[in-house]
Amino acid sequence: MTVTSPGTPRHRAPGTDDALPLPAADGSVAQWTARYTHAVMDTFGPPQRVLVRGEGPYVWDADGVRYLDLLGGIAVNSLGHAHPTLTAAISAQLGTLGHISNFFASPTQIALAERLLAIADAPEGSRVFLTSSGTEATEAALKLTRRHSAGARPRVLALEGAFHGRSMGALSLTHKQAYREPFEPLPPGVEFLPFGDADALRAAFAHGGDEVAALVVEPIQGEAGVRPLPPGYLALARELTTAHGALLVLDEVQTGMGRTGRWFAHQHPHIGGGVRPDVVTVAKGLGAGFPVGAAIAYGPQAAELLGRGQHGTTFGGNPVAAAAALATIGVIERDGLLDHVTGLGERLRERLRSTGNPLVREVRGEGLLVAVELDRPVAARVAADALAAGFIVNPCTPTTLRLAPPFVLTDDQVQPFVDLVAALPADLAPEETA
Ligand SMILES: *Cc1c(COP(=O)(O)O)cnc(C)c1O
């Protein structure tokens, strides 16, 4: 073995002579949309806009039009766009050590796993599996679940309205028929229980309860319209899973990493009731825009269900992704963003309620995961009109607008959207399109 001193790497900062140009300046929104249609598979439908740049809570399209991003890449861009601390952390890691295989480890990966265990209040013996997305975090949780009792527990319980991802295993836990049906048969054993129904949960354990490997739930269902579980449900879920030796898996891919004003939604006493889960999955906001996810297993029993060789990933644990996640956690802490999320979320909901617009039936949510429930199925139309007026929001159901804005958003920046909601015509008809 020869030991040499490390050579001097050539660090190339963006914008220097070595940088290749971004393709952004090459066309208008219309031109780029036409090119998209030819080159990209049509799984998402046509893009609403082609975006070229972002800063803080704003993004700009290829025609130079600015939008206030109140969706944050679907609960991902918690630090807004082009955050200097996140950009610096990613660049520094990539310019030092960008990727290694899982035959090796990096201090950044290890430090991230430790930080996740700390913010999760995970007990001694807990461990983390790092992934690159939410659906992979679900896959890790599901494989871990299959190993519970050496596979002797065939039943897995999930809830109606659940969204846990689109890969085949995660899809088996996702409720929506339109997502599932074209890909059947899916991995077997999953049973869907009526959402938030305590009696149905008791009944599911009353017969064959000892054959349940896990109950998998989102503390607040995101894709289904920001639907919180009723108070006491998670406590009951913990009681029943513990009594029958089943795992309680919480999908916090959307609700985790500060989105609701705490690191994890179940840490709110009024949501989690003090329960300690067996597995928590995160992704979306974890890297604030860099693809990274994790399955956190609580305590040695859950943490040791997946043994050597039983699971793997090339990119999971990638140092750059880990650096992004560490920087995200670091900025949220340094800048006091959890408190800001709580305060701004409360003020935003209150202001949306007090518009007095009869079209708005309810405003709900936790922190900066917010739903505006309309009194008729016009969410898609309102979202299209809002986009034309410079606001990005998401009609996640026919009657629900979902907001999941960056944590760096300010009261002043969001006020124009409140004004837009106040001015929505109360006689808006469902059938018209913008
Ligand atoms: C988005 C989401 C997923 C899937 O994450 P991907 O990164 O899109 O694979 C899983 N669970 C929940 C609750 C989500 O919101």
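Give me 366, 252, 160 ranked fewest to most by other Cβ atoms within 10 Å of their Cβ, as a rough exposure proxy.
On the way: 366 24, 252 30, 160 15.
So the ranking, lowest neighbour count to highest, is 160, 366, 252.
Rounded to the nearest Å, what's the spacing between the alpha carbon centres of region 190-221 and region 159-189? Just the number, please.
Their Cα centres are 16 Å away from one another.
Neighbour counts of other C-beta atoms within 10 Å: give me 284, 176 arranged from fewest to most. Please list the in-between numbers first.
Working: 284 29, 176 14.
By the 10 Å Cβ count, ascending, the order reads 176, 284.
For a test of the definition: using alpha carbon positions, the gyration tensor, and the 1.5 limit on a/c, classify region 177-233 as rounded, prolate or oblate.
Details: a/c = 2.41, a/b = 1.08, b/c = 2.23.
Cα axes put region 177-233 in the oblate bin.
Can you give the helix-only mean residue ellipticity at 222 nm for the chain, where every DSSP H stretch with n ≥ 4 adds -39500 (n - 2.57) and the sum goes over all residues, rounded to the nearest 500 deg cm²/dmol?
Details: 15 runs with 147 residues, N = 434.
Result for the chain: -10000 deg cm²/dmol, rounded to the nearest 500.
In percent, how large is the relative contact order of the chain, given Cα pairs closer than 8 Å and 6 or more residues apart? Display every interim value, and only then the final one.
Working: 831 pairs, mean separation 85.9, N = 434.
The value is 20 percent.
Label the chain by shape, choosing from rounded, prolate and oblate, from the square roots a ≥ b ≥ c of the eigenvalues of the Cα gyration tensor; if a/c is under 1.5 it is rounded, and otherwise prolate applies when a/b is larger than b/c, oblate when it is not.
oblate
Testing the spin-label approximation: label points 7 Å from Cα along Cα→Cβ at residue 210 and residue 99. State their distance in nm.
With each label point 7 Å from Cα toward Cβ, the separation is 4.8 nm.
Of all alpha-carbon pairs in region 97-334, indicate the percentage at a distance above 27 angstrom.
Working: 8073 of 28203 pairs.
Summing the P(r) tail past 27 Å for region 97-334 gives 29 percent.
Could you put 28, 132 in order, starting from the residue whose Cβ has the fewest other Cβ atoms within 10 Å? Don't skip to the end; give the middle numbers.
On the way: 28 13, 132 20.
Fewest-to-most Cβ neighbours within 10 Å comes out as 28, 132.
State, as an integer percentage, the relative contact order of region 97-334 based on alpha-carbon contacts under 8 Å between residues 6 or more apart. Provide the component values of the computation, followed by the final result.
Working: 478 pairs, mean separation 68.7, N = 238.
The value is 29 percent.
Within region 362-378, whose backbone N sits under 13 Å from a point 7 Å along Cα→Cβ of residue 428?
Zone members listed by number: 362, 372-378.
Bear in mind these aren't lab numbers, they're just calculated from the coordinates by the rules spelled out. Values in this document were obtained by computation on a predicted structure and should not be read as measured data. When we count neighbours, we look across all protein chains shown, and the Cβ atoms used for this are built from the backbone with ideal geometry, even at glycine.
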